[in-house]
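All of the numbers you see were taken from the coordinates with simple rules; none came from a lab. No experiment lies behind these values; they were computed from the predicted model shown. Counting neighbours? That spans all protein chains shown, and the Cβs are built from the backbone with ideal geometry, glycine included.
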Amino acid sequence: MPRTARVYVAGVASAAVLAAAVILPGARWGRVDLVLFFVLAALQGVILVTSTFPKFAESPGVPASVAVQLAAVVLLPQGVASASMAVGGLCIALRPGTPIDRMVFVVSGVFLTPVAGEVVYGALHGSRTLMRPEMPAALMPMVFAALALTAVPALLVGTMTVVGGRVRAKAALREAMRRIMPRNVAYSFAGLLAAVLWRHQAPVLATLVMIGPLLVTRWAYEQYAEQRAAHDATVRALVQAVEIKDLYTRGHSERVAKGSEMIARWLGMEEERISILRYAAILHDVGKLGVPTRLLQKDGKFDEAELETIRVHPVRGVDVVRDIAFLNEAYTAILHHHERMDGRGYPTGLAGERIPRFARIIAVADAFDSMTSTRSYRPARSVPDALAELRGCAGSQFDPVIVEAMHQALAHAEREGKPWLGDGTLPVFARSAPRRAALADAGALEAVRAAGVSGVSAGGPTDGAASSGACPLRVRARSGAVCADTALPCPHGDKCAADGFDHDDPAFMVPSPLSERSLSERSLSERERQEPPPHAPLRGRR
């Protein structure tokens, strides 16, 4: 958990302690129905422990909780209801692997939430006997108490999302309200019914009414999870097929999806749309399934006909996914992710805002990953260099708003200790010689030494590599060479990344059965020298 989030949790816990110090001493403990107190506490605990919602598990915003909390606010004296919910909140400790700070946040939240409901219900003089003549007058206080029980967890969860560094404040609060409030308002009716049944001597039925929403919620989410797993399996199969045909896309699709998601969250996009965007980003190059393998792995320069064949891969991509219903909005992103803001892109030459937003996001993430990934014809560029190139192309090739969102999201991730890793195991910005030594992995250096290489230290290779014209990415060993970035034996002998070989690509370690000769035997091709990579910015080119 980031430091800012820990400070926020401490603040929430302090507020809970202060509220307890004010409310609990004045509570009417002598009039407490202990059976009701512990039944409600147990139900709250069961809901927290068994919740499978990924967005609300281990948080005070579990939707089914509002039914129990509203019943507690109506049936128990002021202050006692909050204590009952806090006792139930302690059950979160039964969830395996729950961190201490998360438990503190949950217990504090499930105490503060009914406090708000109690204050509202008491201020509106809500009835606690729920006799028939009192029901019309009790209905309005219950409605406002339910709204308070909904708003407080939405604010708590939304603020945690902001301080946790995932999205901006306005977007986080809007998303939390949108997700929590509709469900909680619906569940509050179950709490109201349970309170009435308990007051009219039907405790068993009242308990079943409160358990019902939890069972329905679990069933619905299990159905959703099964459907989502099937969707993910379909997408993985398509991506794997593309990676087999085009060796340089290994891991590229996932990284583009990650970058697209970072941009979308920074822009405040809703979760449902982010999910669709992720699918579109993962499948943005699925049209390469319709491109002959001989072209994707060709050594020579492309002629015009071959270039046209490759440029049609976005259209082929739409053909591949057209019948996959759950992708819906992803179609246009796959089709238009090579369009340019100035209208010089392909396949349709759209310009400006006419390019779908998803496609503009994927275009930026795609180009960024291409530049920060190693290719056979060049090493990876640093994150600052790649961002500078994106900014230089903003307005002509890329949407300036999305480029800036990428910059801000990456900067925030680095501040939180989660830098972009590109296609290797070291941060991409560590590939530049001045910073490689400072950020080199100690285990990699030990592996280099274990391979029998001399003269390797935290400052980089010194045996042979320092001589004029030697590659800084490798050092000579008794049997060939070792790449200082990966600590893996180089299969090329004297060849290395500076000579046109990609040490980060597993294909260099294992010859590909799809090519006529091993990639380890491939020299830098004429096509790679003369043509830019398909995802790289084309500033200054026509």
Tell me, in nm to one decimal, what length is gained between residue 125 and residue 275 on full extension, where the rule is 0.36 nm per residue of separation less the Cα-Cα distance?
49.5 nm
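What's the lysine pair count for the range 246-424 at a Cα cut-off below 21 Å, pairs eight or more apart or interchain?
Numbers: 258/288; 258/418; 288/298; 288/301.
Count of close lysine pairs: 4.
Working out 0.36 nm times the residue gap between residue 348 and residue 24, then minus their Cα-Cα distance, what length gain in nm do you get to one decimal? Write down the numbers at each step before the final one.
Details: separation 324, 0.36 × 324 = 116.64 nm, distance 6.75 nm.
Result: 109.9 nm gained on full extension.
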Rounded to whole Hz and in sequence order, give me ³J(HN,Hα) for the range 362-369 from the Karplus expression 6.51 cos²θ - 1.76 cosθ + 1.60, θ = phi - 60°, writing x for Gly and Pro.
5, 4, 5, 5, 5, 5, 4, 5
Identify the residues of the range 230-272 with backbone N under 14 Å of a label point that sits 7 angstrom from the Cα of residue 295 along the Cα-to-Cβ direction, or state none.
246
Taking amide hydrogens as modeled 1.01 Å from N in the peptide plane, which residues meet the under 5 Å criterion relative to residue 398, leaving out close sequence neighbours?
341
According to a simple spin-label model (label point 7 Å from Cα along Cα-to-Cβ), what is the distance in nm between residue 221 and residue 237?
2.8
Quick one: compute the contact order of the range 246-424, relative version, from alpha carbon pairs under 8 angstrom and 6+ residues apart, as a percent.
22
Just name one of 351, 274, 296: the one whose Cα is farthest towards the positive end of the charge dipole of the range 246-424 (beta-carbon charges, Lys/Arg +1, Asp/Glu -1).
296
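Using 0.36 nm times the number of residues separating residue 412 and residue 244, minus their current alpha carbon distance, what extension gain do you get?
Details: separation 168, 0.36 × 168 = 60.48 nm, distance 3.43 nm.
Fully extending the segment from residue 412 to residue 244 adds 57.0 nm.
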Low-density loop positions, trypsin sites (Lys or Arg not before Pro), the range 250-305 - DSSP coil, at most 15 other Cβ in 10 Å
298, 301
Would you calculate the separation in nanometres between label points at residue 304 and residue 31, each defined as 7 Å from the Cα along the Cα-to-beta-carbon direction?
9.1
